[in-house]
Amino acid sequence: MIRRILLSLLLLIATKAMASHIVGGEFELIHITGNQYRLNTIIYFDVVNGNPGARDEFVTARIFRKSDNQPMRIVRIPFISQNRVDYFQPDCSAGEVVTDRLYYTIVITLDEDVYNDPKGYYIAWERCCRNYDIDNIKSDNVTANPGTPNYAGQTFYLEFPPVVDANGDPFINSSPQLFPPLNDYACPFRPYWVDFAGTDIDGDSLVYKLVTPLNTHAGVAVVQDANGNQIGANPGPYPLVNWQSGYGLSNIMGGAPDLTISTDGFLSVTPQKEGLYVFAVLCEEFRDGAKIGEVRRDFQMLVVDRCPIAEAPLIRGKRL
């Protein structure tokens, strides 16, 4: 009996630790001076369904060389702050979605005698779990359903160029700093649009497109070495999430028209039904016509049918 109670407690703890909580997020790699860079991780956290114990005190990211997926280093990025994402029309929701922005940051050094491969590098972090109540992708609870093939984690992913050019001279670059998160709800049969574009402090050209969100290599998504230490991520390529039947990259939300983004970052959709929908935006960075990096952001859009009814304006004036 005692063993059964202990086993039940352990399963309960595991369930809480694995609770669905990831709404989305991204990496940023910002040049400071010389070979020093600030590496940021931004996570959007589901306050309603996420357990506070699922918030990581560190993000264990890993840097790989693109040419051969060779691991370069592990970076433990500490948690710094947590802030609420305030929605523009909170009265439209009954509290289905409450989102916090978690911010992690650390200063790292990228030596020119190490990070000089012409094909560049990528940073990755695999983390379970996305929300279990997403409508357009399969996101089963791996704790409640062991062995399920339909888990849905998120791989945070960023590519960056070598820190020197072909002549060995410093190549200074910061990744795009992306758009603020969605802070409004969409309504069925009403056009929805928002400027989802980011900025680039180097003046590089940014091009946007929708992509299938990245999954993780396993449902638990905690990669460890032989000694049990977390090492952050498997090397790429990374698997994609499994879409629910009827959904896909060409039909992300079942909208009419469906979710699209212009190359300069203008997001639009006319939803047809209520639900919670995940999507991913790829932001590619170009300098002098050549691609030098990319960053992905995943996020979610809530569609609710409780938005205010628009009323025609009443025009008053003096009769002539």
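Applying the criterion of being in a loop (DSSP other than H, G, I, E, B) and without any contact (Cβ under 8 Å) to a residue 12 or more places away in the chain to the residues of region 235-257, the residue that is nearest to Phe64 (Cα to Cα) is Pro237.
Here Arg306, Arg316, Arg287, Arg296 are screened, and the one residue that is more than 20 Å from the chain's Cα centre (by Cα) and either closer than 30 Å to Val163 by Cα or at pLDDT 95 or above (or both) is Arg287.
The set of residues from region 207-221 being of a type in the set (Gly, Ala, Ser) and either buried (at least 17 other Cβ atoms within 10 Å of the Cβ) or within 26 Å of Ser268 (Cβ to Cβ) (or both) comprises Gly219, Ala221. Scanning region 12-38 for residues being open to solvent by less than 10 Å² (accessible area, probe 1.4 Å), at pLDDT 80 or above and either farther than 30 Å from Gly293 by Cβ or of a type in the set (Gly, Ala, Ser) (or both) gives a total of 2.
Conditions (1) on the phi > 0 side of the Ramachandran plot; (2) exposed (fewer than 15 other Cβ atoms within 10 Å of the Cβ); (3) of a type in the set (S, T, N, Q), marked per residue:
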| position | (1), (2), (3) |
| --- | --- |
| Val164 | no, no, no |
| Asn167 | no, yes, yes |
| Ser174 | no, no, yes |
| Ala186 | no, no, no |
| Trp193 | no, yes, no |
| Asp204 | no, no, no |
| Val223 | no, no, no |
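If you check Gly232 against the conditions, is it more than 26 Å from Ala186 (Cα to Cα), modelled with pLDDT of 95 or more and surrounded by 12 or more Cβ atoms within 10 Å (Cβ to Cβ)? Taking the combined requirement at face value, the residue does not satisfy it. Give the residue that is farthest from Glu274 (Cα to Cα), with candidates limited to residues of region 72-102 that are at pLDDT 95 or above, open to solvent by 50 Å² or more (accessible area, probe 1.4 Å) and not hydrophobic (A, V, I, L, M, F, W, C). So, considering only residues that are at pLDDT 95 or above, open to solvent by 50 Å² or more (accessible area, probe 1.4 Å) and not hydrophobic (A, V, I, L, M, F, W, C), the one farthest from Glu274 (Cα to Cα) is Arg73. Specify the residue that is farthest from Arg38 (Cα to Cα); the eligible residues are those in region 57-69 that are in contact (Cβ under 8 Å) with a residue 60 or more places away in the chain and of a type outside the set (Lys, Arg). Only one residue fits best here, namely Asn69.
Residue-level analysis places Pro257 outside the set of residues that are of a type outside the set (A, V, I, L, M, F, W, C) and either open to solvent by less than 70 Å² (accessible area, probe 1.4 Å) or touching a Lys or Arg at 6+ places or on another chain (Cβ under 9 Å) (or both). Only one of the numbered conditions (1) among the aromatic types (Phe, Trp, Tyr); (2) at pLDDT below 90; (3) surrounded by fewer than 22 Cβ atoms within 10 Å (Cβ to Cβ) is not met by Tyr151, and that is (3).
Taken together, the residues in region 260-302 that are farther than 27 Å from Thr41 by Cα and either surrounded by fewer than 22 Cβ atoms within 10 Å (Cβ to Cβ) or among the acidic types (Asp, Glu) (or both) amount to 7. Among residues of region 156-176 that are farther than 22 Å from Asn69 by Cβ, those with a Cβ under 9 angstrom from a residue that is assigned to a loop (DSSP other than H, G, I, E, B) and at pLDDT below 95, sequence gap 6+ or separate chain, pair up as Pro176/Gly198. With respect to the conditions (1) within 17 Å of the chain's Cα centre (by Cα); (2) under 28 Å from Arg190 (Cα atoms), Pro239 falls short on a single one, namely (2).
The values are calculated or read from the model by the stated rules, or taken from the named source; none is laboratory data. Note that this is a predicted model, so its numbers are computed, not measured. FYI the Cβ positions are ideal-geometry reconstructions off the backbone, even for glycines, and counts take in every protein chain you see. Protein only, heavy atoms only, side chains kept; ligands, DNA and RNA dropped before computing areas. Shrake-Rupley method; radii C 1.70, N 1.55, O 1.52, S 1.80 Å.
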